[in-house]
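Data block below; observations after.
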Amino acid sequence: MDDKLIIAGHEFNSRFILGSGKFDLDLINAAVEHAGAEIITLALRRVNSFNGNILEHIPKGVTLLPNTSGARNAEEAVRIARLAREAGCGEFIKIEVIHDSKYLLPDNYETAKACEMLAKEGFIPMPYMYPDLYAARDMVNAGAAAVMPLAAPIGSNQGLSTKQFIRILIEEIDLPIIVDAGIGRPSQACEAMEMGASAIMANTAIATAGNIVDMAKAFRHAIIAGRTAYLAGTGRVLDKADASSPLTGFIME
Amino acid sequence: MPEQRTDHMTYLPDMEILEDSDIGEQVVARMKAYDYNKYTAADVKRALEAEYPSTEDFAALLSPAAEPFLEQMAAKATVETRKHFGNSVCLFTPLYISNYCENYCIYCGFNCHNKIRRAKLDYDGIRREMEAIAKTGMEEILILTGESRKMSDVEYIGEACRIAHEYFKNVGIEVYPMNTDEYAYVHKCGADYVTVFQETYNSDKYETLHLAGHKRIFPYRLNAQERAIRGGMRGVAFAALLGLDDFRKDAYAVGTHAYLLQRKYPHAEISFSCPRLRPIINNDKINPKDVHERQLLQVMCAYRIFMPFAGLTISTRERAGFRDNVIGMCATKISAGVSTGIGSHTEEESKGDNQFEISDDRTLDEVCAAIRNRGLQPVLNDYVYISG
């Protein structure tokens, strides 16, 4: 089946994006292998730490998606993106602009601004955002290559709390919608894919699992299942009984 | 003689007053109103169930009524730590660059009446120490001084931060409280995190413990974190020296202080430290306000549950066995390769005496191994300095 995820002209077979924030480097390889991830996000602030260069630990064929975590406004996001490019992380950049240390919710306004500034500098911006239709449109107009709405507060493992709003983005935005943050279980990843999300990003759900490799596999299968169901076109699921003969058949005249 | 002592509530002429902030007053007022004996087991259970714990829940978790629930608090804290920090544990080392102090804090080894060997590293000495520490693989450093503006002025601390910035990715300071413009200066030099221990939030008690020096001025210290945030610092750390006064009230004040500042400055990164005065063992009168490990853990878990997103540093004063068990449960940061003397990372014999005896002298590699043994991940840096 030729069903590729296409971001800014780059093709990916996998629709699973692995967050690395809570991973030991040693585990990344295993997770990539078993979850089939082709894109790994990476906080620039974690690049180059200790055990040599993290870039050397990224398996071949995997695209690095550095993020701007630590940025509190658009200008800081741009500076971090430039540092990421200098560090050899490529043109993809996941924009994260957060200035609330409690909920870590993204600031859509600053994120849209960062999108515009980074697109002008030749980056491929992928904004992490709160699923708001107007903000998503602004980001698209500013040059985003995909839109990454949160499912629930980051790290919360609460699942698809924002489902109805993500659904609207899927309907209205022509770019890939990648559900990011808050996905706690494979079933939730499946649900998001089934309604038409283009990809899933997860980190905590796998990093904190009892068995990381098995949970990575479970996510892989769940995402494929959801995607397949979406492409198949889900059958009718009615709220009430569907009578096999007309309910009004008794009417004589 | 007491009558010659300065009024501990009156700012000295060079001290900046935050006219537009009442956070310090609010913290003290709330602490005074905190009656931990009124909380019941039901309050504690409710607090443990809360999705977003309130200050009332925090109050319950610090109360004696919560003591029988320590196991449940530890379980809840572990879940919260996992959710917010995954399996990461950050590492840092403190570096003492000067132990001159002009304060007279009766409980402290550095106080100006103690006849200890005083020393101050010059810039070359600082560089040598930092180079030696950086060679161990450490990426985060906390620069400490005794509190003497004369012997370690803002420029000296700023220069130390500049040097640190060459060797480390993350630079914090734990020095005397400064004015906003001074924090801004030190921030420009490369520091982004400020730790100030209030010691105790009970101003009457504070006055009896801090007999002289700048540190005697209670409200100036109390507002240090707010000035630091206004000066552009990314994060601020809070602590009371538990056991100086009623530890439950002080811990309540610490949490409330952090809570109010985070609400006012939502971008600020918040963290807690938990130093304590050890109870004297075999004391025939057991003091209910003593902070044994059990009480210390209660406070740490209460901080974690109340502010699950906040950092929590476990002190080197605690034994390795305690430290290793609280990482992943409530603590998110642990020191390694610690020496509290002056020049002790490069000299065989340190030039200046220690502030306190440490209880965990393991190297960075040893602490990293202990972290990994618990299925956790040592993180040497999770930060990027963005100047300007």
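The values are calculated or read from the model by the stated rules, or taken from the named source; none is laboratory data. A quick note: this is a predicted structure, and the numbers were derived from the prediction, not measured. Because the Cβ atoms are built from the backbone with ideal geometry, glycine has one as well, and the counts that use them run over all protein chains shown. The protein model used for the area step is the full one, side chains on, heavy atoms only, and it has no ligands, DNA or RNA in it. Shrake-Rupley method; radii C 1.70, N 1.55, O 1.52, S 1.80 Å.
All other residues with a Cβ under 12 Å from the Cβ of A:ASP180 taken together, and with Lys, Arg as +1 and Asp, Glu as -1, what is their net charge? It would help to have the intermediate numbers written out before the result.
On the way: positive: A:LYS94; negative: A:GLU96.
Overall, the nearby charge balance is 0.
Against chain A, whose longest principal axis is taken from its Cα atoms, helix A:212-232 shows a tilt of about 50°.
Each principal axis of the Cα cloud of region B:308-377 was evaluated for its coordinate range; sorted largest first, these ranges are 39, 22, 19 Å. Toward the positive end of the charge dipole of the protein assembly as shown, with +1 on the Cβ of Lys and Arg and -1 on the Cβ of Asp and Glu, the farthest Cα among B:THR145, B:HIS84, B:ALA42 is that of B:ALA42. Annotation: per residue accessible area for region B:1-117 equals 51 Å², rounded to a whole number [probe 1.4 Å, protein chains only].
By DSSP, what percent of the beta bridges with both residues in the protein assembly as shown are antiparallel, rounded to the nearest 5? That works out to approximately 10 percent antiparallel.
Under 19 Å Cα to Cα from B:LYS45, which aspartates and glutamates show up? Leave out anything in the same chain fewer than 8 places away. Output for B:LYS45: B:ASP35, B:GLU56, B:ASP57, B:GLU67, B:GLU71, B:GLU80. A simple charge model with +1 on the Cβ of Lys and Arg, -1 on the Cβ of Asp and Glu and nothing else charged puts the dipole of chain B at about 640 debye relative to its Cα centre. Here the Karplus curve 6.51 cos²θ - 1.76 cosθ + 1.60, taken at θ = phi - 60°, turns the phi angles of region B:245-252 into couplings of 10, 5, 5, 5, 5, 5, 5, 4 Hz, with x standing for Gly and Pro.
Relative to the Cα centre, the charge distribution of the protein assembly as shown, modelled as +1 at Lys and Arg Cβ and -1 at Asp and Glu Cβ, gives a dipole magnitude of about 780 debye.
For B:ALA370, neighbours were defined as the other residues whose beta-carbon sits under 9 Å from its Cβ, and their charges (Lys and Arg +1, Asp and Glu -1) total +2. Charges were assigned to the Cβ only: +1 to each Lys and Arg, -1 to each Asp and Glu. The resulting dipole of region B:1-147 about its Cα centre is roughly 760 debye.
Within chain A, the longest segment free of exposed loop sites, counting chymotrypsin sites (Phe, Trp or Tyr not before Pro) that fall outside DSSP classes H, G, I, E and B and have at most 14 other Cβ atoms within 10 Å, spans A:104-249.
How charged is the neighbourhood of B:GLU16? Take every other residue with its Cβ under 13 Å from the Cβ of B:GLU16, and add Lys/Arg as +1 and Asp/Glu as -1.
Details: positive: B:ARG221, B:ARG227, B:ARG230; negative: B:ASP14, B:GLU19, B:ASP20, B:ASP181, B:GLU182, B:GLU226.
Net of charged neighbours comes to -3.
Against chain A, whose longest principal axis is taken from its Cα atoms, helix A:25-35 shows a tilt of about 30°. Taking 37 °C and 0.692 mPa s as conditions, chain B diffuses translationally at an estimated 155 µm²/s according to Stokes-Einstein applied to its Kirkwood radius (Cα pairs). Database remark: amide H of B:LEU95 closer than 5 angstrom to the amide H of B:LEU142, B:ILE143, B:LEU144 (H placed geometrically; neighbours at sequence offset of 5 or more, or on other chains; Pro and chain starts carry no H).
Rank these residues by their accessible area, most exposed first, probe 1.4 Å: B:LYS115, A:LYS120. The partial results should precede the final answer.
Numbers: B:LYS115 190, A:LYS120 155 Å².
The ranking, largest first, comes out as B:LYS115, A:LYS120.
A cut-off of 5 Å between modelled amide H atoms, ignoring neighbours fewer than 5 places along the same chain, links B:ARG276 with B:LEU242.
Against the main long axis of the alpha-carbon atoms of chain A, helix A:163-172 sits at an angle near 90°.
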